[in-house]
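A short write-up of the structure that comes next.
The values are calculated or read from the model by the stated rules, or taken from the named source; none is laboratory data. Every value quoted in this text rests on a predicted model; they were computed, and no experiment measured them. Note that we place each Cβ from the backbone using ideal geometry, even for glycine, and neighbour counts take in every protein chain shown. Ligands, DNA and RNA are excluded from the accessible area calculation, which covers all protein heavy atoms including side chains. Shrake-Rupley method; radii C 1.70, N 1.55, O 1.52, S 1.80 Å.
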Amino acid sequence: MATPHIAAEPGDFAPAVIMPGDPRRAQRMAEQLMPDAKLVSEVRGIMAFTGEVAGKPLSIMASGMGQPSTAIYVNELFMYYGVERIIRVGTAGGLSTDVKIGDVVIANGAHYEGVMNSYLTPETHFSAIASYELVRAAADAAGNDPEVFVGPVVSRDRFYGVPREVDEALAAVGTLGVEMEAGIIYGLAAKYGKQGLAIMTISDHLLAPATDMTSEERENQFQKALKLAIAAAHC
């Protein structure tokens, strides 16, 4: 029962899917966590793997970059493959001065820039919030780690051209970071009665002086976020 964008059969995906943006990162995660994992799809280079972690089934699949790409895969996973929860693991740009490069953000909500969630609640602004059970599980796994934060992010459809004063206003109301996928995951999880969460490592900072992560560091420095995502996936 392959879909237009996923070449897999029923039962090929676990109930929980960890979803990085980068296909290479998905492959690295799968090789690290599930050496015997099965490659269940690689349409357009978007690889998906299924195996077991600590005796529990888990899938890892890339989403591509941005909410339109993410929405395609999230829709098909929820609609056709019996997936119950999707946890994004990726990077974000810092907004709040409370967070620094390398810190991890568990996003309990996502302010939304774009129109992709607007059809869910006509004439009303949709509140894109994470599933509480997943937030709690990830936060419990983090314990009192001072480098892990729980709070809102902003999900955008544009990477360039945002005025600094917009970012400053978001930071002023407690927005921890900016990224490009969480909002639509939360929206589609709500639509289908499923669960969604995003856990991001701060890779650069938009408002505070900082040395950005290199592309290699972005690929490899996801260990803490991945640990928290696994706790959420199997809660």
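Assigned to a loop (DSSP other than H, G, I, E, B) and either open to solvent by less than 40 Å² (accessible area, probe 1.4 Å) or at pLDDT 95 or above (or both): which single residue out of ALA14, ALA7 fits that description? Before the answer, list the steps.
Details: ALA7 fails: either open to solvent by less than 40 Å² (accessible area, probe 1.4 Å) or at pLDDT 95 or above (or both).
Of ALA14, ALA7, the one residue that is assigned to a loop (DSSP other than H, G, I, E, B) and either open to solvent by less than 40 Å² (accessible area, probe 1.4 Å) or at pLDDT 95 or above (or both) is ALA14.
A quick yes/no check of all residues on (1) in contact with a helix residue (DSSP H, G or I) (Cβ under 6 Å, 6 or more places away or on another chain); (2) surrounded by 13 or more Cβ atoms within 10 Å (Cβ to Cβ):
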| position | (1), (2) |
| --- | --- |
| GLU123 | no, no |
| LEU134 | yes, yes |
| ALA139 | no, yes |
| PRO146 | no, no |
| PHE149 | no, yes |
| VAL154 | yes, yes |
| TYR160 | no, no |
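Of all residues in the stretch 22-36, count the ones that are farther than 20 Å from ALA182 by Cα and open to solvent by 20 Å² or more (accessible area, probe 1.4 Å). Walk me through it before giving the result.
First, pick out the residues of the stretch 22-36 that are farther than 20 Å from ALA182 by Cα: 27-28, 30-36.
Keeping just the survivors that are open to solvent by 20 Å² or more (accessible area, probe 1.4 Å) gives 27-28, 31-33, 35-36.
Count: 7.
Looking only at the stretch 164-193, which residues are outside any helix (DSSP H, G or I), open to solvent by 50 Å² or more (accessible area, probe 1.4 Å) and on the phi < 0 side of the Ramachandran plot? It would help to see each step written out before you state the result.
Initially, the stretch 164-193 is screened for residues outside any helix (DSSP H, G or I), giving 173-181, 193.
Checking which are open to solvent by 50 Å² or more (accessible area, probe 1.4 Å) leaves us with 173, 193.
Answer for the stretch 164-193, where residues must be outside any helix (DSSP H, G or I), open to solvent by 50 Å² or more (accessible area, probe 1.4 Å) and on the phi < 0 side of the Ramachandran plot: just VAL173.
Checking VAL83 against (1) closer than 24 Å to PRO152 by Cα; (2) at pLDDT 95 or above; (3) touching a helix residue (DSSP H, G or I) at 6+ places or on another chain (Cβ under 6 Å), only one condition comes out false. Which one?
(1)
Quick one: is ILE230 open to solvent by less than 70 Å² (accessible area, probe 1.4 Å) and either free of Cβ contacts under 8 Å to residues at least 12 places away in the same chain or not in a helix (DSSP H, G or I) (or both)? Let's see the steps before the verdict.
Details: open to solvent by less than 70 Å² (accessible area, probe 1.4 Å): yes; either free of Cβ contacts under 8 Å to residues at least 12 places away in the same chain or not in a helix (DSSP H, G or I) (or both): no.
For ILE230, the condition - open to solvent by less than 70 Å² (accessible area, probe 1.4 Å) and either free of Cβ contacts under 8 Å to residues at least 12 places away in the same chain or not in a helix (DSSP H, G or I) (or both) - is not met.
Scan the stretch 188-220 residue by residue and report those that are among the charged types (D, E, K, R) and either at pLDDT 95 or above or out of contact with any strand residue (DSSP E or B) (no Cβ under 7 Å at 6 or more places or on another chain) (or both). Show your work before the answer.
Residues of the stretch 188-220 among the charged types (D, E, K, R): 191, 194, 204, 212, 216-219.
Residues satisfying the conditions are LYS191, LYS194, GLU216, GLU217, GLU219.
Identify, by number, the condition in (1) buried (at least 18 other Cβ atoms within 10 Å of the Cβ); (2) farther than 30 Å from ALA210 by Cβ that MET19 doesn't meet.
The failed condition is (2).
Pairs only if they're at least six apart or on different chains, beta carbon under 7 angstrom, first in the stretch 145-157 and over 17 Å from GLY102 (Cβ atoms) and acidic (Asp, Glu), second in a loop (DSSP other than H, G, I, E, B) and at pLDDT below 95; list them, first residue then second.
Once the first residue is over 17 Å from GLY102 (Cβ atoms) and acidic (Asp, Glu) and sits in the stretch 145-157, its partners that are in a loop (DSSP other than H, G, I, E, B) and at pLDDT below 95 give ASP157/GLY66; ASP157/GLU113; ASP157/GLY114.
Can you name every residue in the stretch 42-56 that is surrounded by 18 or more Cβ atoms within 10 Å (Cβ to Cβ) and either assigned to a loop (DSSP other than H, G, I, E, B) or at pLDDT below 95 (or both)?
Matches in the stretch 42-56: ILE46, MET47.
Only one residue in ALA169, ALA137, ALA182 is modelled with pLDDT of 95 or more and under 19 Å from ILE202 (Cβ atoms), so which one is that? Spell out the reasoning first.
Numbers: ALA169 fails: under 19 Å from ILE202 (Cβ atoms); ALA137 fails: under 19 Å from ILE202 (Cβ atoms).
Criteria check complete, one pass: ALA182.
Quickly run through the stretch 57-79 and pick out the residues that are more than 14 Å from ALA189 (Cα to Cα), part of a helix (DSSP H, G or I) and among the hydroxyl-bearing types (Ser, Thr, Tyr).
Quick first cut of the stretch 57-79, residues more than 14 Å from ALA189 (Cα to Cα) only: 57-66, 68-69.
Then keep just the ones that are part of a helix (DSSP H, G or I); that gives 68-69.
The answer is SER69, and nothing else.
Residues LEU77, LEU39: which one is surrounded by fewer than 19 Cβ atoms within 10 Å (Cβ to Cβ) and not small (Gly, Ala, Ser)?
Working: LEU77 fails: surrounded by fewer than 19 Cβ atoms within 10 Å (Cβ to Cβ).
Of LEU77, LEU39, the one residue that is surrounded by fewer than 19 Cβ atoms within 10 Å (Cβ to Cβ) and not small (Gly, Ala, Ser) is LEU39.
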